Amino acid sequence: MSLETFFTVSEQTMQFLMSCVLGVLIGILYDCFRVIRIIFPYARKTGTVCVSDIIFMLCWGAALFLFSVQFCRSSVRFYCAAGSFLGFVLYILTIGNFVTGIIRAIANAVCKALQKVYSVIFAPIVKLICPKKLNIFVHSYENKKKEKRNLFSLLKNKRNMLYNNKTNNG
């Protein structure tokens, strides 16, 4: 009994369609990373986006490798990679945007609810503990303004800065 090294057209079609489903599953994984970016907006400004994208690409590569081991007799086929990419793009452009919009609306509603809870419960307690507003940073701001003003007064005169300002009579 010999091992076949080729796939029939029906097997290739089935592998392509299953790789499209794999792309949809990868899109769902990507939505999990997008949820983190929605809930924690400061994460977009740090290196966490880069790290999460690297983790996502490693997961996609591992999923494609495991898919090819399981369904393609351990041979990586171009149409499987293209199918997973197509499934991912179709998911992100259709259902993914809808899901992200719903998650964004839920996150905004939860944030507003927490702000109301804070204003009703915690704000009066804070006012009782600290009746006056503490202006801790006012003096540091005034010092910065003075430093900036002094910085411009310390600049040299442009006419005295040139070394070859003498006329050449030669």
Inset, instruction - Please work out which one of (1) surrounded by 12 or more Cβ atoms within 10 Å (Cβ to Cβ); (2) over 22 Å from S19 (Cα atoms) is the condition F122 fails and give its number. - result: (1)
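In the range 73-95, what residues are among the basic types (K, R) and touching a helix residue (DSSP H, G or I) at 6+ places or on another chain (Cβ under 8 Å)? I'd like the intermediate steps shown before the answer.
The initial filter retains those residues of the range 73-95 that are among the basic types (K, R), namely 73, 77.
Once the filter is applied, which keeps residues that are among the basic types (K, R) and touching a helix residue (DSSP H, G or I) at 6+ places or on another chain (Cβ under 8 Å), the range 73-95 yields only R77.
Select from the range 5-43 the residues that are farther than 15 Å from I106 by Cβ and among the charged types (D, E, K, R) and list them in ascending order.
Quick first cut of the range 5-43, residues farther than 15 Å from I106 by Cβ only: 5-30, 33, 42-43.
The answer is E11, and nothing else.
Values in this text are rule-based calculations from the coordinates and carry no lab data. For clarity, every value in this text was computed on a predicted model and none was experimentally measured. Virtual Cβ from ideal backbone geometry, glycine too; neighbours counted across all protein chains shown.
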